[in-house]
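Data block below; observations after.
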Amino acid sequence: MRIADIVFRQGHLSEEALTTAILGGDRPAHLEQCEACSQRARDLSLWLGNVRAEALEAADEVFPPERLALQHAQIMRRLEQIDAPPRVIAFPAQAVHAPRTHSERRVSPAWVGVAAAAGLAIGLVGGQISARVTPTASVPAPAQTQQAEPAQVAPAGPVTATSQPVNASLTTDWERYVPEDLLLLDQATPSLLETQLASAR
Amino acid sequence: MAEQVPPVSAREADARVALDIRAFQAEGRLDEARDRYGEVVTRYQRRAARIAYHYLRDAADADEAVQDAFIKAYMHIGTFREDLPFEVWFTRILINGCLDRLKARRRRERWMAPPMLDPNGVERDPADYLPSRGPSPEEVVLSAERRQQLMGAVAELPERQRMVFMLSHFDGRSSREVSAMTGLNESTVRVHLFRAIRRLRGLLVTRAATDQGTGRSNRANR
């Protein structure tokens with residue numbers, strides 16, 4: 001017997017010793033001799049028995065044999081799924097990697113960007129160049145083209161006062177560039193300017 | 001004179017079954033491995049369901065925990081050591097699974113509406129409130145109340161005490177077996193068991209006294 005039991009409990013067993021004895025541990029001799037302690041042990045044992053019976057009953061009520069059978073079947077089915085080799089679903093035949101034709105070959109997105117940047121740069125440079133070149137475009141055209149112009153632009157209708165300077169300059173230019181071989185022919189024909197002035201009067 | 005064959009203990013039988021399953025799996029005879037494992041499932045299923053139910057206090061959760069534990073044990077049968085009883089190894093897997101589920105449930109409950117509680121503050125399944133097909137309504141009510149009280153009191157025990165109490169008392173395991181299942185020291189198991197019993201008695205006595213008081217006041221009000 002423990003000293004603590006002798007000192008504090010007048011030799012009776014503590015709860016711990018009683019519980020140990022009931023749960024299959026050391027069974028002190030005192031338990032056989034003391035009626036009070038053996039009564040306590042019986043009570044505790046009965047209580048524990050009731051608790052156990054109630055708890056097992058509650059669990060068995062929730063899990064009747066039918067439910068256990070169902071559970072067993074589910075476990076076996078899950079095991080079967082685990083053991084079965086995994087099935088891979090094949091993609092349709094059309095989607096199988098076929099070699100791409102030249103026309104289908106995909107352009108890398110990086111090249112698209114490079115091409116866009118190059119296009120932009122070319123556009124800017126071209127714009128600058130054209131802006132510088134445009135003022136010089138008003139330079140007079142070569143003389144040969146100007147020689148042909150009088151015959152084409154010669155007004156058929158009456159000559160107005162506003163058209164006179166233009167005609168005068170045309171005549172001057174024409175005279176300046178007329179070959180000498182044609183001067184005789186020119187002298188034989190009436191002057192355009194004189195004819196116009198005469199008709200205007 | 002016929003040679004006497006020594007009786008094969010459950011532990012040896014389990015070890016043999018585990019070795020068989022392992023061999024079948026290695027040879028690719030999976031159907032046979034499953035059949036053999038089915039015997040193990042049948043043997044330990046009820047016990048596993050009880051433990052899981054007492055731990056989780058929810059039939060659906062317990063059902064899933066038991067299934068998962070059996071599946072896990074089958075998948076890791078290669079790591080089973082014959083020096084430990086299969087039962088102990090399996091129970092450890094089951095308890096770990098139950099603990100994970102409890103943790104997940106606690107996390108979930110933080111974000112969900114509070115559960116239905118009975119006057120004792122114990123969570124109740126809504127199905128409990130429906131009329132059942134019991135033999136006698138009064139018996140059913142009293143029995144259900146007793147069980148609810150008991151389960152509520154067990155649930156109030158600290159986690160280790162509850163685990164030790166359930167394995168020792170409900171499952172009838174020795175301190176050594178509980179020690180192997182839980183990883184606790186054997187003397188620690190005994191201390192937890194004693195404390196659990198003492199606390200449980202205190203809780204049940206208090207509840208009974210509260211119920212009696214409530215009953216008296218109800219009768220007086222009538």
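The values are calculated or read from the model by the stated rules, or taken from the named source; none is laboratory data. These figures come from a predicted structure and were not determined experimentally. With ideal geometry, Cβ positions are generated from the backbone for all residues, glycine too; neighbour counts draw on all protein chains shown. Heads up: the accessible areas ignore ligands, DNA and RNA and are worked out on the full protein's heavy atoms, side chains in. Shrake-Rupley method; radii C 1.70, N 1.55, O 1.52, S 1.80 Å.
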Counting only protein heavy atoms and leaving out ligands, DNA and RNA, the solvent-accessible surface of B:Y44 at a 1.4 Å probe, in Å² to the nearest 10, equals 10
Karplus ³J(HN,Hα) for the range B:61-70 (6.51 cos²θ - 1.76 cosθ + 1.60, θ = phi - 60°; Hz, whole; x = Gly/Pro) runs 4, 5, 4, 5, 4, 5, 4, 4, 5, 5
Cβ-Cβ cut-off under 12 Å around B:A33, Lys and Arg +1, Asp and Glu -1: the net charge is -4
Here the range A:64-75 yields Karplus 3J(HN,Hα) values (6.51, -1.76, 1.60; θ = phi - 60°; whole Hz; Gly and Pro given as x) of x, x, 5, 5, 5, 5, 5, 4, 4, 5, 5, 4
Taking only protein heavy atoms and a 1.4 Å probe, the highest-to-lowest accessible-area order of B:L142, A:L31 is B:L142, A:L31
For the pair B:V205 and A:D43, the simple spin-label estimate (label points 7 Å beyond Cα toward Cβ) gives in nm 0.8
Looking at the range B:167-182, residues buried by 10 Å² or more relative to their chain on its own, accessible surface at probe 1.4 Å, turn out to be B:H169, B:F170
Expressed in square angstrom to the nearest 10, the accessible area of B:I93 with a 1.4 Å probe stands at 30
Ordering A:L56, A:L70 by the accessible surface of their heavy atoms, 1.4 Å probe, largest first, yields A:L70, A:L56
Computed from the beta carbon distance with a Förster radius of 35 Å, FRET efficiency for B:R147 and B:E39 to the nearest 0.05 stands at 0.65
A:A117 and A:L192 label points (each 7 Å along its Cα→Cβ direction) are spaced in nm at 5.9
Over the range B:1-105, the quotient of the Cα radius of gyration and 2.2 N^0.38 Å is 1.20
Probe 1.4 Å, all chains present, heavy atoms only: A:W47 accessible area in Å², nearest 10, is 50
